[in-house]
Amino acid sequence: MQASDYQQLKQDISIPRLSSYQHFFKPTEIIELYNYYCWNAEISSTFFQLIGVVEVTLRNKVHQALSSHYYNPKSKGSVDSNDWYNFLDLNKHSKDKILSATHRRKKGTWQPKNPPLSHDDAISRMTYGFWPKILDIQKDINGNPVPWGRIIPLIIPKHRYKTEGYWKKIKHQDQLYSRLEQIGSLRNRIAHFEPIWKQGDLFEETRERQNKIPKLIAYAPVNSDEAKNRLKLTHERILELLGWLSSARLKSYKHSHNYHKLNWLLSNDGMPLKTPTKTTPTLFKRNLRSILKNKETISIHRDGIVTGIFYSSN
């Protein structure tokens with residue numbers, strides 16, 4: 001990358017967006033500023049892949065658990081995959097989501113798709129935000145209470161608490177809901193290209209209710225170390241949820257490139273804490289092996305002009 005490119009990048013990315021990086025990380029050179037921007041992009045990408053793993057696992061677990069519980073003579077499908085959503089008292093927004101997946105508009109009315117969409121396909125079309133709201137459903141279409149105390153252990157079978165008595169308590173359901181919402185909030189920030197290091201105050205994992213105000217655990221991060229530690233906590237919580245859903249899926253994920261890359265990005269070596277090491281093209285070629293080994297970021301100069309930036313990855 002040419003040195004002149006950085007000035008153009010300020011305009012293309014937008015000065016107001018980059019100013020938040022300047023104010024928070026306080027880089028001394030424009031190259032450092034761009035490094036932080038790239039770091040945020042990389043860490044957002046790796047978090048998004050992890051959240052995708054959680055999302056697919058979560059929806060499959062919910063689908064299987066509710067299919068099993070609401071399987072009856074009127075069900076369409078099997079005990080493992082059926083139209084359980086037609087037997088729950090969904091709110092209008094959730095009903096519309098299901099309807100738009102299983103039906104199409106024809107002459108002003110909703111008509112079932114022909115051939116009909118499979119139940120697995122219908123579920124796969126629900127976005128992440130659909131799933132936490134499932135816990136808000138209190139009754140089925142016949143007015144019977146939804147027995148979350150029995151259903152939740154089927155969704156997160158590897159959670160340390162597995163009893164109906166534990167999960168039928170609203171405060172414990174609220175803790176699970178809060179964890180799901182935290183991940184959903186991060187997912188939305190990434191999807192809207194917002195800096196994920198920019199975070200608010202940290203509260204206990206619960207829902208705000210009329211008689212319950214979540215306790216403040218920590219104030220919003222004010223420097224790079226605090227931002228990094230908060231992201232580490234977020235990473236740990238997402239991994240913990242994945243482990244509750246499926247220990248096999250967690251084990252598999254921990255063998256992935258994405259897992260190791262995210263851990264590195266959240267380490268001191270992975271954060272762009274200083275100006276890249278300056279070198280010449282000749283020395284860069286000569287020292288490439290050690291540069292890769294040490295995961296260095298290198299600024300390549302020729303006759304005092306930046307001719308390129310090399311970013312190592314895990």
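Coordinate-derived values only; no laboratory data. Note that this is a predicted model, so its numbers are computed, not measured. So basically every Cβ, Gly included, is an ideal-geometry build from the backbone, and we count neighbours across all protein chains shown.
Sort Ser19, Ser178 so that the residue with the fewest other Cβ atoms within 10 Å of its own Cβ comes first and the one with the most comes last.
Working: Ser19 12, Ser178 18.
The fewest-first ordering by Cβ neighbours comes to Ser19, Ser178.
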Check: Residue farthest toward the positive end of the dipole of the chain, with Cβ of Lys/Arg at +1 and Asp/Glu at -1: which of Ile137, His255, Ser81?
Finding: Ser81
Checklist line | Charge sum, other residues only, whose C-beta stays under 15 Å from Arg187's C-beta, Lys/Arg counted +1 and Asp/Glu -1 | finding: +2
Note to self: What does the charge count around Val54 come to, taking other residues whose C-beta lies under 11 Å from its C-beta (Lys +1, Arg +1, Asp -1, Glu -1)?
What the structure shows: +4
Notebook entry, point to check: In the neighborhood of Asn114, defined by Cβ-to-Cβ distances under 13 Å, what is the net charge if each Lys or Arg adds +1 and each Asp or Glu adds -1?
Noted result: +3
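Neighbouring Cβ atoms within 10 Å as the yardstick, rank His23, His63 fewest first.
Details: His23 8, His63 23.
The most exposed by this proxy come first: His23, His63.
Could you order peptides 105-117, 249-261 by the average number of other Cβ atoms within 10 Å of their residues, highest first? Don't skip to the end; give the middle numbers.
Working: 105-117: 9.7, 249-261: 15.1.
By packing density, highest mean first, the sequence is 249-261, 105-117.
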Check: Any idea which of Ile291, Ser44, Asn223 is furthest toward the positive side of the dipole for the chain, if Lys and Arg beta-carbons carry +1 and Asp and Glu beta-carbons -1?
Finding: Ser44
Margin query: Could you sort the peptides 201-214, 24-37 by per-residue average Cβ neighbour count (10 Å cutoff), highest mean leading?
Written below: 24-37, 201-214
Note to self: Under a Cβ-only charge scheme (Lys and Arg +1, Asp and Glu -1), can you give me the dipole magnitude of the chain about the Cα centre, in debye to the nearest 20?
What the structure shows: 720 debye
Note to self: Give me the dipole magnitude in Debye, nearest 20, for region 44-99 about the Cα centre, with unit charges on the beta carbon: positive for Lys and Arg, negative for Asp and Glu.
What the structure shows: 100 debye
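Taking the Cα centre of region 108-198 as origin, work out the dipole magnitude from +1 charges on Lys and Arg Cβ and -1 charges on Asp and Glu Cβ, in debye rounded to 20. Could the numbers behind the result be given before it?
Values: 15 positive and 8 negative charges, 73 e Å.
With Lys and Arg at +1 and Asp and Glu at -1, about 360 debye.
May I ask you to derive the FRET efficiency for Gln210 and Leu288 from their Cβ-Cβ distance with R0 = 45 Å, giving the value to the nearest 0.05?
The pair Gln210/Leu288 has a calculated efficiency of 0.15.
In the structure shown, do any of Lys113/Lys251; Lys61/Lys261; Lys76/Lys261; Lys97/Lys169 have a Cα-Cα gap over 32 Å, and if so which?
Working: Lys113/Lys251 39 Å; Lys61/Lys261 27 Å; Lys76/Lys261 43 Å; Lys97/Lys169 28 Å.
Cα-Cα > 32 Å for Lys113/Lys251; Lys76/Lys261; rest within.
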